[in-house]
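Single-structure report; data block below.
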Amino acid sequence: MRMKIKQLKNPPADRPSPVGSDVTIKGWVRTVRNQKTFTFIEINDGSTLSNFQVVANPDLPNYERTMQELSTGVSVAIQGTVVESPGKNQSLELVAKEVKIIGPCDPETYPLQKKRHSYEFLRTIAHLRPRTNTLGAVARIRNALSFATHLFFQKKGFLYIHTPIITSSDCEGAGKMFRVSTLDPDALPRTKEGKVDYSKDFFEKPTYLTVSGQLEGEIYASALSDIYTFGPTFRAENSNTSRHLAEFWMIEPEMAFADINDDMDCAEEYLKYTVKYVLEHCEEDIDFFNQYVSPGLRERLEHIVNTPFERASYSYAVRILEKANKPFEYPVKWGSDLQSEHERFLAEEYFSKPVIITDYPKEIKSFYMRLNDDEKTVAAMDVLVPRIGEIIGGSQREDRLDYLKQRLIENNLKEEDYWWYLDLRKYGSVPHAGFGLGFERLVQFVTGIENIRDAIPFPRFPGKAEF
Ligand code: 4AD
Ligand code: MG
């Protein structure tokens, strides 16, 4: 029977130790070390970071030939007996009775060598990079963070809602959307005025890939109270930074009968929960990142779990930044958006912990955020964390019909495009709030990986959509 290496290494408490039993493991060869009288083979099957050591003795059938064909990357099935290992790096090993090669691997051309490869190089072989320790560990942590997300919201009674990917409305109003069309670009239908005639397109109107599931999320929160979405979102921003992707995953809870304070509480609790979950369930992977990728990571993550986040208004943050006497690239003044360098200064240096900035000027935030009594700021909240900057953006929503109409006008948005969104404010409107967490930024934060392109299996960014 095949056993995954993870099972073999950590048998459930109610099972007897596998020592002495016969098992089969299947996986990919990481290293082959020929000793004088036998061979060590290290196998990895991705179920866990560490390999399983196999001892192959010359009395194996076809020993010489099989050992010659073994090299890094070869897939194998190995049957043998589990024994206590005399080596100091592992407690168990497998003494092989049969080594079967499933898929050979040409060592001359296989791009993954034993040495360390740069992240840039690994991105060019995204079909093979999950076989490296680092990208494998990222994938397991990403999986754990997804699971923890569902656990957190399900335990709190939030319903998971699937919002559409194709949309005709621009939630963030920033106009950075990818168009979805089946029109032939070489033979575009035209209106009398010479414009592209989208009434001939598949949906009979212009459509795009969504930048956020929030607006539809609000619809379901206005009926089911607490909901969350967890899906892909798309932004055609031409930003070649280590924190932006053109396709990324977002988690967006939306709560009815909630204000901005409830929103901040939920965001803080959620972040802490997911980080704690990974600390408890992904020990080996976190140790790996702590040792080889981002020294001090474990301590930083424990600090996140155990320290209350700071909360400060945008106006207060601007005063801090003005007094900071730092050579910022972008000048700070009330009314302009905080840049990543400002966000990082606040979270990393000034507060040295996550900080939630609230009440931003309405001009720099989206139309749907609730106007504060000062009529200058909105009930927005951004969660900033060390090393990343903004990881969550959210707000209390404008639940008053007349105010929302006014905000649409100010943002040059057409009422008729948002008729259903306005209806929610006409029929049984309630105070409600929500936020969006960029999932890859969370993966980056928890692993300490420098570039967001390594936090997602197949990154999409300007000029790159391979694999
Ligand atoms: O701040 P944003 O634009 O907020 C929204 O989309 C709201 N509709 C959310 C809501 O209230 N339901 O995006 C939310 C988060 C950001 O804080 C950031 O973590 C991430 O999404 N994000 C990106 N992540 C990777 N690549 C990009 N291009 C991103 N743009 C935003
Ligand atoms: Mg934002």
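Once the piece of chain linking D22 and N143 is laid out straight, how much longer is it, given 0.36 nm per residue of separation minus the C-alpha distance between them?
Net length gain for the segment: 40.5 nm.
Filter the cross-link list K4/K156; K88/K272; K276/K353; K195/K414 down to pairs whose alpha-carbon distance in this structure exceeds 27 Å.
Over 27 Å apart, Cα to Cα: K4/K156; K88/K272.
On C-alpha positions alone, give me the angle between the axis of helix 401-410 and the longest principal axis of the chain, in degrees, nearest 10.
For helix 401-410, the angle is close to 80 degrees.
Sorted by packing (mean other beta-carbon atoms within 10 Å per residue), highest first, where do 283-292, 27-36 land?
283-292, 27-36
If you find the alpha carbon centre of the stretch 301-338 and of the stretch 150-202, how far apart are they in angstrom?
Using only Cα atoms, the two centres lie 35 Å from each other.
Compute the long axis of helix 314-323 from its Cα atoms, compare it with the longest principal axis of the Cα atoms of the chain, and write down the angle in degrees, 0 to 90, nearest 10.
Computed tilt is about 70 degrees.
Please report how far the C-alpha centroid of the stretch 417-467 lies from that of the stretch 3-35, rounded to the nearest whole angstrom.
39
Would you please report the Å³ per residue occupied by the convex hull of the alpha carbon atoms in the stretch 55-170?
It is 230 Å³ per residue.
For each pair in K376/K426; K333/K376; K176/K376; K365/K405, compute the distance between the two Cα atoms and list the pairs where it is over 22 Å.
Pairs exceeding 22 Å: K376/K426; K176/K376.
Label K205 and E299 with points 7 Å out from Cα along Cα→Cβ: what is the distance between them in nm?
With each label placed 7 Å out from Cα toward Cβ, I get 5.6 nm.
Keeping all protein chains in place, calculate the accessible area per residue for the stretch 217-321 (probe 1.4 angstrom), answer in Å².
So the stretch 217-321 comes to 42 Å² accessible per residue, rounded to a whole number.
Would you mind giving the three semi-axes, in whole Å and largest first, of the ellipsoid equivalent to the chain according to its Cα gyration tensor?
So the three semi-axes of the chain are 49, 27, 21 Å.
Below 16 Å, Cα to Cα, which lysines can K115 reach? Residues fewer than 8 away in the same chain don't count.
Within reach: none.
Skip the ligands, DNA and RNA, and give the accessible area per residue of the stretch 371-433 with a 1.4 Å probe, whole Å².
Per residue, the stretch 371-433 has an accessible area of 45 Å².
Return the carbon/sulfur percentage of the accessible area of the chain, one whole number, probe 1.4 Å, all protein chains in place.
Accessible surface attributable to carbon and sulfur in the chain totals 50 percent.
If you place +1 on the Cβ of every Lys and Arg, -1 on the Cβ of every Asp and Glu, and leave all else neutral, what size is the dipole of the chain about its Cα centre, to the nearest 20 Debye?
1360
Project the alpha carbons of the stretch 2-111 onto their principal axes and report the range along each, largest first, in whole Å.
For the stretch 2-111, the Cα spread along each principal axis is 45, 30, 24 Å.
For the stretch 133-149, list residues with backbone N below 19 Å from a point placed 7 Å from the Cα of T31 toward its Cβ?
In the stretch 133-149, the label zone of T31 (backbone N under 19 Å from the point 7 Å along Cα→Cβ) covers 133-137.
The values are calculated or read from the model by the stated rules, or taken from the named source; none is laboratory data. Model, not experiment: these values are computed from the prediction. Methodologically, a virtual Cβ is constructed for each residue, glycine included, from the backbone with ideal geometry; neighbour enumeration extends over all protein chains shown. SASA here: full protein model, heavy atoms, side chains in, ligands and nucleic acids out. Shrake-Rupley method; radii C 1.70, N 1.55, O 1.52, S 1.80 Å.
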